[in-house]
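The values are calculated or read from the model by the stated rules, or taken from the named source; none is laboratory data. The structure displayed is predicted, hence computed values, not measured ones. Cβ sites come from the backbone with ideal geometry, for glycine too, and all protein chains shown count toward neighbours. In case anyone asks, the SASA skips ligands and DNA or RNA and just uses the protein heavy atoms, side chains included. Shrake-Rupley method; radii C 1.70, N 1.55, O 1.52, S 1.80 Å.
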Amino acid sequence: MNNKITTSILRQYKSESRTIVMLTAYDYPMAKLLDEAGVDMLLVGDSLGNVVLGYDSTIPVTMEDMLHHVKAVCRGAKRAMVVADMPFMSYQISIQEALKNAGRLLQEGGAQAVKLEGGIAMAATVQVIVTAGIPVVGHLGLTPQSVNQLGGFKVQARDEQAAQKLLDDARALETAGAFALVLECIPDGLARRVSESIHIPTIGIGAGVACDGQVLVIHDLLGLNSGFTPKFVKKYADLHHEMMDVIQKYIGDVKERKFPSEEHSFKIADTILEKLY
Ligand code: KIV
């Protein structure tokens, strides 16, 4: 159970039709919990911009933000492979810069792999990063760093031309050496077709059940957010409301001086107190 998940183990999962389980993690305690639960891959997604840092997109997330969170997650992950997202503008400017930043996420952050968005246009970059010994996960479909170009968060590749382009992108990423591919918010039939057409595992989010694995943002799965929930999210808990109840109880106890009780307090002998002046 403690053997670190590697790219070859994930390839074997696909060949044996074993489903890969991936979740996002942004800090040490959550990484430790998910790792102990048996999650195969932890994604330090740039979704941390929305989920943890309070931005309304992933665009403002920097390399320094990523490194800070990747380091914390790596301290908590014994078995799970840690994949670090390459933030916006850390890989688009030049291949050399992409290589340098991918290297930082492994060397300084401690991740085992990086993820970047884009298909054919990113193939040369992926190839150089992989050649340097850095495993790469591709990301196609709804690519949040391009939200301003995509015109919002909506299902991608619904018409023939866009679906063919996505399939071509997937093949190009495989040829460039990516070891896995995230498919976000695309029709399930297309995700099935992609998964059957390439040899590397696909990991879906809003891409149906035929992918080789699934990923969700941990805050969505736990119901930690009170706002909008995308159709593809299954909320396994409503921790937002549960935590709100607990915090209201604490507020009430503090105001009514019910907390701390004797049980949570320390004692000193009265004889000592009497000597104090
Ligand atoms: O940043 C992220 O959390 C992601 C997932 C949505 C796949 O890229």
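Is it true that some residue in region 233-256 is within 13 Å of the ligand (Cβ to nearest atom) and either among the hydrophobic types (A, V, I, L, M, F, W, C) or out of contact with any Cys (no Cβ under 7 Å at 6 or more places or on another chain) (or both)? Taking every residue of region 233-256 in turn, at least one turns out to be within 13 Å of the ligand (Cβ to nearest atom) and either among the hydrophobic types (A, V, I, L, M, F, W, C) or out of contact with any Cys (no Cβ under 7 Å at 6 or more places or on another chain) (or both).
Evaluation of residue 23 against the conditions (1) surrounded by fewer than 20 Cβ atoms within 10 Å (Cβ to Cβ); (2) aliphatic (A, V, I, L, M); (3) under 28 Å from residue 146 (Cβ atoms) shows that the sole unmet condition is (1). Per the conditions (1) among the charged types (D, E, K, R); (2) under 28 Å from residue 128 (Cβ atoms); (3) open to solvent by 20 Å² or more (accessible area, probe 1.4 Å), the sole criterion not satisfied by residue 40 is (3). For region 211-220, which residues satisfy the criterion of being open to solvent by less than 30 Å² (accessible area, probe 1.4 Å) and either outside any loop (DSSP other than H, G, I, E, B) or aliphatic (A, V, I, L, M) (or both)? Residues satisfying the conditions are 213, 215, 216, 217, 218.
Taking each residue of region 216-232 that is more than 23 Å from residue 20 (Cα to Cα) and looking for partners that are open to solvent by 30 Å² or more (accessible area, probe 1.4 Å) and not hydrophobic (A, V, I, L, M, F, W, C) with beta-carbon atoms closer than 6 Å, six or more apart or interchain, yields 224/240; 225/219; 226/240.
Can you find a residue in region 225-247 that is surrounded by 20 or more Cβ atoms within 10 Å (Cβ to Cβ), closer than 30 Å to residue 55 by Cβ and assigned by TED's automatic domain parsing to the domain that holds residue 44? Looking through region 225-247, none of the residues is surrounded by 20 or more Cβ atoms within 10 Å (Cβ to Cβ), closer than 30 Å to residue 55 by Cβ and assigned by TED's automatic domain parsing to the domain that holds residue 44. Of the residues making up region 187-206, those that are of a type in the set (A, V, I, L, M), more than 10 Å from the ligand (Cβ to nearest atom) and either out of contact with any helix residue (DSSP H, G or I) (no Cβ under 8 Å at 6 or more places or on another chain) or touching a residue at least 60 places away in the same chain (Cβ under 8 Å) (or both) are 191, 200.
Within region 73-104, the only residue that satisfies the criterion of being closer than 27 Å to residue 35 by Cβ, surrounded by fewer than 20 Cβ atoms within 10 Å (Cβ to Cβ) and among the small types (Gly, Ala, Ser) is 103.
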